[in-house]
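Trainee: Pasting a structure here, questions to come.
The values are calculated or read from the model by the stated rules, or taken from the named source; none is laboratory data. On a predicted model such as this, the values are computed, not experimentally measured, just so you know. All Cβ positions, even for glycine, are placed from backbone atoms using ideal geometry, and neighbour counts span all protein chains on display.
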Amino acid sequence: MRLYPVVNELTCIACGTCAAVCPAEPKVFEVTGVSAVVHPEACLECEACVDMCPTGSIELVDA
């Protein structure tokens, strides 16, 4: 089972923490008006983004 990050756009504050802590290359996240998952295939499933998101707006889901 492969997990991918999903951002709740209603609670995301676009702080950029997810992009800053993501160890994947290319980065999984891009921050514009909100955080967006732009490279889900690069996700390492480490959950750093989930753990560090100050609003709890990210979860890893089965895709």
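Trainee: Could you list, in sequence order, all residues of the range 48-63 that are aliphatic (A, V, I, L, M) and touching a residue at least 40 places away in the same chain (Cβ under 8 Å)? Let's see the steps before the verdict.
Mentor: As a first pass, look at the range 48-63 and keep what is aliphatic (A, V, I, L, M): 48, 50, 52, 58, 60-61, 63.
Listed by number, the residues that qualify are 50, 58, 60, 61, 63.
Trainee: Just to verify a result, which residue in the range 52-62, among those that are over 11 Å from the mean Cα position of the chain (by Cα) and farther than 10 Å from residue 4 by Cα, is surrounded by the most Cβ atoms within 10 Å (Cβ to Cβ)?
Mentor: The qualifying residue surrounded by the most Cβ atoms within 10 Å (Cβ to Cβ) is 55.
Trainee: Another question, then. Of all residues in the range 25-51, how many are of a type in the set (Ser, Thr, Tyr) and under 9 Å from the mean Cα position of the chain (by Cα)? Break it down into steps so the answer makes sense when it comes.
Mentor: Looking only at the range 25-51, we keep the residues that are of a type in the set (Ser, Thr, Tyr), and these are 32, 35.
Imposing the further condition that a residue be under 9 Å from the mean Cα position of the chain (by Cα) reduces the set to 35.
Going through the range 25-51 one residue at a time, the tally reaches 1.
Trainee: Another question, if that's okay. At least 1 residues that are at positive phi and hydrophobic (A, V, I, L, M, F, W, C) in each: list the strands (runs of 3 or more DSSP E) lying fully within the range 2-58 that qualify. Break it down into steps so the answer makes sense when it comes.
Mentor: On the way: elements: 3-7, 29-31, 35-37.
Of the strands (runs of 3 or more DSSP E) lying wholly inside the range 2-58, none has at least 1 residues that are at positive phi and hydrophobic (A, V, I, L, M, F, W, C).
Trainee: Is there a residue in the range 10-24 that is modelled with pLDDT of 95 or more and farther than 15 Å from residue 54 by Cα? Outline the logic, then answer.
Mentor: Kept after step one, since they are modelled with pLDDT of 95 or more, are these residues of the range 10-24: 10-24.
Add one more test, that the residue is farther than 15 Å from residue 54 by Cα, and what stays is 23-24.
Yes - at least one qualifying residue is present in the range 10-24.
Trainee: Return the pairs, sorted by first residue and then second, in which the second residue is part of a loop (DSSP other than H, G, I, E, B), the first residue lies in the range 23-47 and is aromatic (Phe, Trp, Tyr), the beta carbons are less than 9 Å apart, and the residues are 6+ apart or on different chains.
Mentor: Short answer, once both residue conditions are applied: 29/16; 29/22; 29/38; 29/39.
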